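Colleague: Dropping a structure here in structure tokens format, bear with me for questions.
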Amino acid sequence: MNRNSANRVILVGHLGGEAEVRYTNNDVPTSVFSMATNVFWKNGSGDYSERTDWHRVVAWRNLAEYSKSLQKGQMVYVEGHLQTRDWMDRDDIKRSTTEVIAENITVLGSKKKAEGAVLDEESPF
């Protein structure tokens, strides 16, 4: 087996909403929140363009509890790895999603500082 691979994600962006915290049957906390990152580039005509990407972030245990304090619009640093899950929905249609499993979450700015940078788009999560 080839062990020369890596699965690392680093995101710096704004929270799209409050974290949704739940508990497993064994009382293990887990949370899910959305996060927006922006990409800027100069197009062929010399004008600047922007794209917003939305990311689904999942945190477990202590990080899930910590994420309760996060507020919409805050700038955060998230480090973790990607995970793809498949499931069957209620209509027996196969669905899949790719999530960032958080291993570190650091608040970089208060909500007030971030409000000027909050995006007009709504999170799809």
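Colleague: Which residues, counting only those in segment 55-105, are among the hydroxyl-bearing types (Ser, Thr, Tyr), surrounded by fewer than 16 Cβ atoms within 10 Å (Cβ to Cβ) and outside any loop (DSSP other than H, G, I, E, B)?
Modeller: Taking segment 55-105 as the starting set, the residues that turn out to be among the hydroxyl-bearing types (Ser, Thr, Tyr) are 66-67, 69, 77, 84, 96-98.
From what is left, the residues that are surrounded by fewer than 16 Cβ atoms within 10 Å (Cβ to Cβ) are 69, 77, 84, 96-98.
Result: TYR77, THR84, SER96, THR97, THR98.
Colleague: Same structure again: Scan segment 18-27 for residues that are within 23 Å of GLY109 (Cα to Cα), touching a Ser or Thr at 6+ places or on another chain (Cβ under 7 Å) and surrounded by fewer than 16 Cβ atoms within 10 Å (Cβ to Cβ) and jot them down.
Modeller: Listed by number, the residues that qualify are GLU20, VAL21.
Colleague: Still on this structure: Is it fair to say THR52 is in contact (Cβ under 8 Å) with a residue 24 or more places away in the chain, in a strand (DSSP E or B), exposed (fewer than 12 other Cβ atoms within 10 Å of the Cβ) and at negative phi? Write out each step before concluding.
Modeller: Working: in contact (Cβ under 8 Å) with a residue 24 or more places away in the chain: yes; in a strand (DSSP E or B): yes; exposed (fewer than 12 other Cβ atoms within 10 Å of the Cβ): no; at negative phi: yes.
No.
Colleague: A follow-up question, please. If you take the residues of segment 28-49 that are polar (S, T, N, Q) and free of Cβ contacts under 8 Å to residues at least 12 places away in the same chain, which of them is surrounded by the most Cβ atoms within 10 Å (Cβ to Cβ)?
Modeller: SER49
Colleague: Related question: Mind listing whichever residues of segment 66-94 are closer than 20 Å to VAL28 by Cα and free of Cβ contacts under 8 Å to residues at least 60 places away in the same chain?
Modeller: Answer for segment 66-94, where residues must be closer than 20 Å to VAL28 by Cα and free of Cβ contacts under 8 Å to residues at least 60 places away in the same chain: TYR66, SER67, LYS68, SER69, LEU70, GLN83, ARG85.
Colleague: Might you check whether a residue that is in contact (Cβ under 8 Å) with a residue 12 or more places away in the chain and under 13 Å from GLY13 (Cβ atoms) occurs anywhere in segment 58-65?
Modeller: No, that holds for no residue.
Colleague: Shifting gears a bit: Which one of these does SER5 not meet: (1) in contact with a Pro (Cβ under 8 Å, 6 or more places away or on another chain); (2) among the hydroxyl-bearing types (Ser, Thr, Tyr); (3) farther than 23 Å from GLY109 by Cα?
Modeller: Exception for SER5: condition (1).
Colleague: Has segment 15-33 got any residue that is within 15 Å of the chain's Cα centre (by Cα), among the β-branched types (Val, Ile, Thr) and more than 16 Å from ILE101 (Cβ to Cβ)?
Modeller: Keep residues of segment 15-33 that are within 15 Å of the chain's Cα centre (by Cα), which gives 15-21, 30-33.
Filter again for among the β-branched types (Val, Ile, Thr), leaving 21, 30, 32.
Now restrict to residues that are more than 16 Å from ILE101 (Cβ to Cβ): none.
Within segment 15-33, not a single residue is within 15 Å of the chain's Cα centre (by Cα), among the β-branched types (Val, Ile, Thr) and more than 16 Å from ILE101 (Cβ to Cβ).
Only the coordinates and a few stated rules stand behind these numbers; no lab work does. None of the values given here were measured: they were computed from a predicted structure. Ideal geometry is used to build each Cβ from the backbone, glycine not excepted, and the neighbour counts take in all protein chains shown.
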